[in-house]
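**Student:** First the structure, then my questions, so here it is.
The values are calculated or read from the model by the stated rules, or taken from the named source; none is laboratory data. No experiment lies behind these values; they were computed from the predicted model shown. Don't worry about glycine lacking a Cβ; one is built from the backbone with ideal geometry, like all the others, and counts go over all protein chains shown. Note: accessible area is taken over every heavy atom of the protein model, side chains too, but ligands, DNA and RNA are not part of it. Shrake-Rupley method; radii C 1.70, N 1.55, O 1.52, S 1.80 Å.
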Amino acid sequence: MARNTTRPTSRDVAQAAGVSQAAVSLVLGDKWRGRVAETTAERVRQAARDLGYRPNLAARNLRLGHTRTVLLVVPALTTEFFAGVYTGAARVAAQHGFGVVLYPSPEGVGPARDPFASAQTALDGVIASSMAADALTAIRGDQLPLVMLDSDPHGSLGAATVNLDIADGTRQVADHLLGLGHRHFLHLAADVPSWTFQVRADALATRLATVPGTTLRTAHAPIAIEGARDALVQALQHGPHPTAVVCDDDKLAAGAYKALRRLGLRIPDDLSVTGLDDLALATAIDPELTTVRLDAELFGERGMHTLLAVLDGRSPGQDDIPVHLVVRGSTAPPPEKPRAPAG
């Protein structure tokens, strides 16, 4: 005899219990008290158990106007950092019965295309990581709750922002290099018009300005290893020679490694190099990279907790997430006699 694999419905439960479908909805929605007799409620529950009935939560959520779905918008997935953000957000979401849809904006920074025909009917909220505020106009519309990650808390369209303490991480890098004796710096800066990178530039310049005799030059580069290599080669062949290169992220630092080797300079004997992120890349290059560790999963978790607070009408916390300098082999005291780059 063929096994009946049809999913049981509330009508089946009603027939088995000898009640109406309305009574089944009241009992299984836990709204039966005062409206359905207790013995009848237990009969409905037993019928549901016997039939293996489970309410269709998706249909119920749609009727209530909620899908329990959150959109996570990140720049194009070029590093594992944003995978960690997703992992953290999805973990917290699952604990609260939410799902997370990951949407990597193809443009990275700038307008993001709406991945849904009507985002307002498909989503309960949006978390946006490292994006310009105007990137989310199409997705957010006028109604969707929005939490911005890694964004200006004073100029965000979001209901709340969640940030890593990037400024403190940059200060930790500067303090480390100053403590080693460095006074001449080159900032290999990401050529991206984003608040998070402006924070790095401002924090570095402000900290170095407090120490007499320091110099700071800036070279801009795309967030790509080859682009960073070319930008640093050009910067070192023209202008004063630094003893430390401070990079906005680990990919830029990897490009700096290639540039210095091309120019016949040794790390850290001739120049010290630092990054920011602590990606797997940081320990794959030689010497291993001194960088700032950012907890991507905690970042995602905090973002999801904040969105849940916004959805519940609660006030989310505002403290930045601490970051930590990880000292490895790419930094050392400056050479007594700096070597000029070859050719």
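**Student:** Return a yes/no flag: does the range 252-267 have any residue that is assigned to a strand (DSSP E or B), touching a helix residue (DSSP H, G or I) at 6+ places or on another chain (Cβ under 6 Å) and modelled with pLDDT of 95 or more. I'd like the intermediate steps shown before the answer.
**Tutor:** Pass one, the range 252-267, residues assigned to a strand (DSSP E or B): none.
For the range 252-267, residues assigned to a strand (DSSP E or B), touching a helix residue (DSSP H, G or I) at 6+ places or on another chain (Cβ under 6 Å) and modelled with pLDDT of 95 or more: absent.
**Student:** Output the residues belonging to the range 191-222 that are at pLDDT 95 or above, farther than 20 Å from His241 by Cα and not in a helix (DSSP H, G or I).
**Tutor:** Thr210
**Student:** Output the residues belonging to the range 172-190 that are outside any strand (DSSP E or B), open to solvent by 30 Å² or more (accessible area, probe 1.4 Å) and in contact (Cβ under 8 Å) with a residue 24 or more places away in the chain.
**Tutor:** Residues of the range 172-190 outside any strand (DSSP E or B): 172-183.
So of that shortlist, the ones also open to solvent by 30 Å² or more (accessible area, probe 1.4 Å) come out as 172, 175-176, 179-181, 183.
Those that are outside any strand (DSSP E or B), open to solvent by 30 Å² or more (accessible area, probe 1.4 Å) and in contact (Cβ under 8 Å) with a residue 24 or more places away in the chain: Gln172, Asp175, His176, Leu180, Gly181, Arg183.
**Student:** Can I ask one more? Across the range 155-171, what is the total count of residues that are polar (S, T, N, Q) and open to solvent by 50 Å² or more (accessible area, probe 1.4 Å)?
**Tutor:** The first filter runs over the range 155-171 and keeps only residues polar (S, T, N, Q), leaving 156, 161, 163, 170.
Remaining after also requiring open to solvent by 50 Å² or more (accessible area, probe 1.4 Å): none.
So the count comes out to 0.
**Student:** For the range 162-187, name all the residues that are of a type in the set (A, V, I, L, M, F, W, C) and in contact with a Gly (Cβ under 8 Å, 6 or more places away or on another chain).
**Tutor:** Let us first name the residues in the range 162-187 that are of a type in the set (A, V, I, L, M, F, W, C), namely 162, 164, 166-167, 173-174, 177-178, 180, 185-186.
Result: Val162, single match.
**Student:** State yes or no: is Arg314 assigned to a loop (DSSP other than H, G, I, E, B) and either without any contact (Cβ under 8 Å) to a residue 24 or more places away in the chain or within 18 Å of Asn163 (Cα to Cα) (or both)? Give the derivation first.
**Tutor:** Working: assigned to a loop (DSSP other than H, G, I, E, B): yes; either without any contact (Cβ under 8 Å) to a residue 24 or more places away in the chain or within 18 Å of Asn163 (Cα to Cα) (or both): yes.
Criteria met by Arg314.
**Student:** Which numbered condition trips up Asp269, out of (1) open to solvent by less than 50 Å² (accessible area, probe 1.4 Å); (2) under 14 Å from Ala244 (Cβ atoms)?
**Tutor:** Checking Asp269 against (1) open to solvent by less than 50 Å² (accessible area, probe 1.4 Å); (2) under 14 Å from Ala244 (Cβ atoms), the one that fails is (1).
**Student:** Does the range 62-77 hold any residues that are in a loop (DSSP other than H, G, I, E, B) and either among the hydroxyl-bearing types (Ser, Thr, Tyr) or at pLDDT below 80 (or both), and which are they?
**Tutor:** Quick first cut of the range 62-77, residues in a loop (DSSP other than H, G, I, E, B) only: 65-68, 76-77.
Passing the criteria: Gly65, His66, Thr67, Ala76, Leu77.
**Student:** What residue, of Ala244, Ala228, Ala256, is surrounded by 24 or more Cβ atoms within 10 Å (Cβ to Cβ), in contact (Cβ under 8 Å) with a residue 60 or more places away in the chain and farther than 17 Å from Ala342 by Cβ? Don't jump to the end; show me each part of the working.
**Tutor:** Working: Ala228 fails: in contact (Cβ under 8 Å) with a residue 60 or more places away in the chain; Ala256 fails: farther than 17 Å from Ala342 by Cβ.
Checking each option against the conditions leaves just Ala244.
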